[in-house]
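Structure first, then comments.
The values are calculated or read from the model by the stated rules, or taken from the named source; none is laboratory data. Predicted model, so just to flag it, every value in this text is computed and none were measured. Quick reminder, even Gly has a Cβ in these numbers, built from the backbone with ideal geometry, and neighbours come from all protein chains shown.
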Amino acid sequence: MRKLLFESLIRPPLTERAPQVSDAAIDELTRALDGVARQRLGRSLSIRAVDAGSCNGCELEMHALNNAFYDIERFGFRFVASPRHADVLMVTGPVTKNMREALKRTWEATPNPKWVVALGGCAKDGGCFAGSYAVVGGVSDVVPVDLHIPGCPPPPIEILKGLIALLDGANGKVGAPKG
Amino acid sequence: MRMTRKNPPALADLINAGRLVEHHAPWRRAVVAPKVWNLAVEQLADGRWSLLGLWGEPDKVHMALLDEALDIGVISLDCRGGRCPSVGQYHPPALRLERAAADLFGLAPQGLPDTRRWLDHGQWGISHPLAARPSVPAAATSYRFLAAEGDGLHQIAVGPVHAGIIEPGHFRFTAGGETVVRLEERLGYVHKGIEGLMAGAAIDRAAKLAGRTSGDSTVAYSLAFARAVEAALGITPPPRAVWLRALMAELERLANHLGDIGAICNDAAFAIMHAHCGVLRERVLRAADAAFGHRLMRDRIAPGGVTSDLGGAGASTIRSLVAEIRQRFPHLVELYDNTASLQDRTVATGWLKVELARQYAAGGYVGRASGRDFDARRAPGYAPYDELAFDVPVLREGDVNARVWIRVREVEQSLSLVEQILARLPAGPIHIEISTGANAADGPREGMALVEGFRGDILVWLRIGADGAIERCHLRDPSWFHWPLLEAAIEGNIVADFPLCNKSFNCSYSGHDL
């Protein structure tokens, strides 16, 4: 373990290592995100993930935000364990009828001001599952949605971009939140 | 037909005793009499055969079986009015599959010991949605969890919304102090009605649905679906497509195993493994994106071949990926092996008995860590794995540690497979048109496939109608047999070790709930 830790000390951070276009984009994006996040929320935005029926693809990419490449916590964005601690509900999946009640209750348990991000194509309108006897539809059919992030699933970089858009859009909203 | 216990039947005997269904490939299907059906159930109950799947249709029930000689076949039973003898009363692995068939098709398995609804939570506004005539919804009733009685026992209810970034499901623990006396799962929250949407869907739409059954296994599901369609229509995809499919499947296996090895350690509060494994997983996803244009390689496999070819740049990206993992991964394995505090959590935790793994025909690392030597890539096998060299690691300890080690060994095997595939990738086209018209005249065609996903064997069975659309498609995730085993494995462990045990199984909710 000592060797691994030592290597981690002398190796440059992963976000700056690979000189690819996408990595440059991440760098630029994360710097912008840092500025906006600090301004709006004093470096703290707590995100609660709610899977309301997803295939689990979106969750995988949400997990990726925590890896060393994206390291979302650098900017004060945190995934939290309870809706009571959350500023943002990040909801995935077509909302299934079996999850409708749980999603509603999770939203009600989230204190104001709160935002809802619908993540992925299914969360927008049910995606390819729309029309099923077991599916309500998109997230906005159950709780008010502030932002949709498209993709199947959206890559982590798109989720980061979406969070910036949310923070930009949240300007002027803090005084009069929904709900 | 009389069979004695001294001379147990082979699956082929039972299929020969029934009415063979035409155009069912690659294995045979027969409609059998109740007596023959019961004889098959006897083989399951006696532990000679394995249940690969059980699914319904209006007034019909089907069972996919694997006998001792690793022969595969499907037997079907007509059940007028939905009444059929319950398999689950003699062979518990069928229980939840029968409850699901009862919910969806209105089948009424006679003697089923557990008649609580499973996927149907009373929210659909309809009952038996896939039956010939769906009925009005039954009144929603609260779910009766199984009782556990004793001094000082208390219940802990968890979910459906969990604390992490996880799929939804409900766990009801009964604990005595810190020790779990009973865990009961309640699933079905992410039931999307995939099999309902499949019915009547064109093949390309159905392929998209199949690829969204369980997000972490999108390649394996697309592959299983494509192989079932190709079996039904008698199509062979071009060699290059077959090899590219295997390449994608191994990349998917690598990404999941690497991510999960780290996540298991993280659930034992050993974050450094999680961080390093997370980096390797991300490298795999980026290489997949560079090579095939999508991080999870979604919709890259379709009936007839693949939709994305591998260029020279993509191949060299994958080669350097393999080199990097080969360089870094052994250090992580060494770290895992040499950290006593971590081993203290994983060794002898979440023990799954060899007998149970065998009874439930547990696929993947869950089965292989408990002595079940089965891998669909090897037997029944499918191209191109018959031309590739790989080992199937098997352990008998059955604890969290054994499941981690199986995954470690499978990472090594997949790296070797990726190299072999890249070295021998044939040139040529990557797709052929699938035409259903030519075959339509002689009635519906049925196909089946068994594909080894990272989690275990995925079964797809389907029927293509005369109009070329999917008439019925059933997708059986390995988790159907893993979930009940998790309930058994957690017994006697402390509540705090549940996340660790759970992650070492990593069952799919969406793949199970459909």
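Of the residues making up the stretch B:380-411, those that are assigned to a helix (DSSP H, G or I), among the charged types (D, E, K, R) and surrounded by fewer than 17 Cβ atoms within 10 Å (Cβ to Cβ) are B:ASP386, B:GLU387. Among residues of the stretch B:79-108 that are over 20 Å from B:PRO129 (Cα atoms), those with a beta-carbon under 6 Å from a residue that is in a loop (DSSP other than H, G, I, E, B) and aromatic (Phe, Trp, Tyr) at least six positions away or on a different chain give the pairs B:PRO93/B:TYR360. Considering B:ALA255, B:ALA263, B:ALA232, the condition of being surrounded by fewer than 24 Cβ atoms within 10 Å (Cβ to Cβ), out of contact with any Pro (no Cβ under 8 Å at 6 or more places or on another chain) and not β-branched (Val, Ile, Thr) is satisfied by B:ALA263 alone. Where helices (runs of 4 or more DSSP H) fall wholly inside the stretch B:185-237, the ranges with 3 or more residues that are away from chain A (no Cβ under 12 Å) are B:218-233. Filtering the stretch A:79-98 to residues that are among the aliphatic types (A, V, I, L, M) and part of a strand (DSSP E or B) leaves A:VAL88, A:LEU89, A:MET90, A:VAL91, A:VAL95. For the stretch B:421-439, a residue qualifies if it is part of a loop (DSSP other than H, G, I, E, B) and either at pLDDT 75 or above or over 30 Å from B:LEU52 (Cβ atoms) (or both), and the qualifying residues are B:LEU425, B:PRO426, B:ALA427, B:GLY428, B:PRO429, B:ILE430, B:ILE432, B:GLU433, B:ILE434, B:SER435. Tell me, yes or no, whether the stretch B:357-374 has at least one residue that is touching a residue at least 12 places away in the same chain (Cβ under 8 Å), farther than 23 Å from B:ALA246 by Cα, among the charged types (D, E, K, R) and assigned to a helix (DSSP H, G or I). Yes; the residues of the stretch B:357-374 include at least one that is touching a residue at least 12 places away in the same chain (Cβ under 8 Å), farther than 23 Å from B:ALA246 by Cα, among the charged types (D, E, K, R) and assigned to a helix (DSSP H, G or I). All conditions but one from (1) at pLDDT below 90; (2) of a type in the set (S, T, N, Q); (3) within 20 Å of B:ARG96 (Cβ to Cβ) apply to B:GLN123; the one that does not is (1).
Selection of the stretch B:201-254 for residues being of a type in the set (D, E, K, R) and either more than 15 Å from B:ILE464 (Cα to Cα) or touching a residue at least 24 places away in the same chain (Cβ under 8 Å) (or both) yields B:ASP204, B:LYS208, B:ARG212, B:ASP216, B:ARG227, B:GLU230, B:ARG240, B:ARG245, B:GLU250, B:GLU252, B:ARG253. Scanning the stretch A:50-72 for residues that are within 17 Å of A:MET99 (Cα to Cα), in contact with a strand residue (DSSP E or B) (Cβ under 8 Å, 6 or more places away or on another chain) and in a loop (DSSP other than H, G, I, E, B) yields A:ALA52, A:GLY53, A:SER54. Scanning the stretch B:167-184 for residues that are away from chain A (no Cβ under 14 Å), without any contact (Cβ under 8 Å) to a residue 60 or more places away in the chain and crowded, with 18+ Cβ neighbours inside 10 Å turns up B:ARG172, B:THR174.
Being more than 30 Å from B:CYS501 (Cα to Cα) and out of contact with any Gly (no Cβ under 8 Å at 6 or more places or on another chain) is a property that B:PRO426 has. Only one entry of B:GLY196, B:GLY188 meets the criterion of being under 23 Å from the mean Cα position of the chain (by Cα) and buried (at least 24 other Cβ atoms within 10 Å of the Cβ), and that entry is B:GLY188. Considering only residues in the stretch B:121-162 that are touching a Ser or Thr at 6+ places or on another chain (Cβ under 7 Å) and buried (at least 20 other Cβ atoms within 10 Å of the Cβ), the one that is nearest to B:VAL181 (Cα to Cα) turns out to be B:VAL161. If B:LEU321 passes every condition in (1) in contact with a Ser or Thr (Cβ under 7 Å, 6 or more places away or on another chain); (2) within 14 Å of another protein chain (Cβ to nearest Cβ); (3) among the aliphatic types (A, V, I, L, M) but one, which one does it miss? Result: B:LEU321 passes all but (1). Return the residues of the stretch A:55-92 that are within 7 Å of another protein chain (Cβ to nearest Cβ) and within 22 Å of A:CYS122 (Cα to Cα); say none if nothing qualifies. A:CYS55, A:ASN56, A:GLY57, A:GLU59, A:LEU60, A:MET62, A:HIS63, A:ALA64, A:PHE79, listed by residue number.
The number of residues in the stretch B:24-35 being under 24 Å from B:ALA449 (Cα atoms) and not in a loop (DSSP other than H, G, I, E, B) comes to 6. Which residues, taken from the stretch B:144-166, are within 14 Å of chain A (Cβ to nearest Cβ), over 19 Å from B:GLN123 (Cβ atoms) and outside any strand (DSSP E or B)? B:HIS162, B:ALA163, B:GLY164, B:ILE165, B:ILE166 - these are the residues of the stretch B:144-166 that are within 14 Å of chain A (Cβ to nearest Cβ), over 19 Å from B:GLN123 (Cβ atoms) and outside any strand (DSSP E or B).
Conditions (1) in a helix (DSSP H, G or I); (2) farther than 26 Å from B:ALA427 by Cα; (3) of a type outside the set (S, T, N, Q); (4) within 9 Å of chain A (Cβ to nearest Cβ), marked per residue:
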{"site": "B:LEU251", "(1), (2), (3), (4)": "yes, no, yes, no"}
{"site": "B:CYS265", "(1), (2), (3), (4)": "yes, yes, yes, no"}
{"site": "B:ILE272", "(1), (2), (3), (4)": "yes, yes, yes, yes"}
{"site": "B:HIS276", "(1), (2), (3), (4)": "yes, yes, yes, yes"}
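Looking across the stretch B:278-316 at every residue that is within 10 Å of chain A (Cβ to nearest Cβ) and not in a helix (DSSP H, G or I), the one that is farthest from B:ARG407 (Cα to Cα) is identified as B:ASP299. Selection of first residues in the stretch B:32-57 that are closer than 16 Å to B:LEU112 by Cα and of second residues that are charged (D, E, K, R), restricted to Cβ pairs under 8 Å at least 6 apart or on distinct chains, gives the following pairs, ordered by first then second residue: B:LEU54/B:GLU98; B:TRP55/B:ARG476. Candidates are the residues of the stretch B:464-484 that are aliphatic (A, V, I, L, M) and buried (at least 24 other Cβ atoms within 10 Å of the Cβ); the one that is nearest to B:VAL190 (Cα to Cα) is B:LEU475.
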